[in-house]
Structures are given as C-alpha cells and as structure tokens.
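Only the coordinates and a few stated rules stand behind these numbers; no lab work does. The shown structure was predicted, so the numbers you read here are calculated from the model rather than taken from an experiment. When we count neighbours, we look across all protein chains shown, and the Cβ atoms used for this are built from the backbone with ideal geometry, even at glycine.
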Amino acid sequence: MRVLPDDDDWIPERRRAIGDRVRSERRRQGLTQDQVWQAARLDRRTVQNVEAGREMKLSTLLRIAYVLDVPLADLVR
C-alpha cells in the first residue's frame with residue numbers, strides 16, 4: 001500500500017498530465033476543442049480547463065472519453 005505524501009503538490013502535476021493526454025488524443029483525431037465540447041455537451045471553458053489541467057470532474061472526463069472513443073483509463077493513467 002502506498003502512503004500519501006505530506007502535501008498535495010503532486011495533484012496539479014497529475015491533472016496537467018491528464019489534460020495533456022486529452023489534448024493529445026483530441027489533436028491526434030484532428031478535432032477542435034469546439035467539436036469536443038459540443039459533442040460532449042459541455043461548456044467551452046470546461047474543455048479548456050481540462051486540457052489546462054485545472055480542476056476536473058469524473059463525469060466530465062467520462063463524457064470526453066466517450067466522445068473521443070477511448071477508455072477513460074487511457075486518459076487518467
């Protein structure tokens with residue numbers, strides 16, 4: 001079992017990595033942010049925040065993974 005570090009400094013780094021994977025997959029598929037947020041029925045700012053590694057909800061990531069047709073695990077690994 002792993003023990004959490006004393007602080008949460010590792011969390012922003014993990015969020016940025018998730019955002020990078022979302023952006024990379026979107027671009028690989030030749031999609032714009034507009035196409036993704038519209039297909040996922042999300043706000044434009046929400047997709048921008050995810051790709052920037054800001055706070056993100058599980059339901060948002062599930063929607064994006066569905067639209068990109070990739071397993072959620074591929075985005076959050």
* Structure fact -> So the angle from the long Cα axis of helix 10-28 to the longest Cα principal axis of the chain, reported in degrees to the nearest 10, equals 20
* Looking at the chain, which GluC sites (Glu not before Pro) are in a loop (DSSP not H, G, I, E or B) and have at most 15 other Cβ atoms within 10 Å? -> 55
* Roughly what angle does helix 58-68 make with the longest principal axis of the chain, taking Cα atoms, 0 to 90 degrees, to the nearest 10? -> 40
* To do: May I ask for the percentage of alpha-carbon pairs in the chain that lie more than 20 Å from each other?
  => 27
* Asked: At 222 nm, what helix-only mean residue ellipticity would the chain give, in deg cm²/dmol to the nearest 500, using -39500 (n - 2.57) for each DSSP H run of four or more?
  -> -19500 deg cm²/dmol
* Structure fact -> For the chain, averaging the sequence separation of alpha carbon pairs under 8 Å that lie six or more residues apart and dividing by its residue count, the contact order in percent is 35
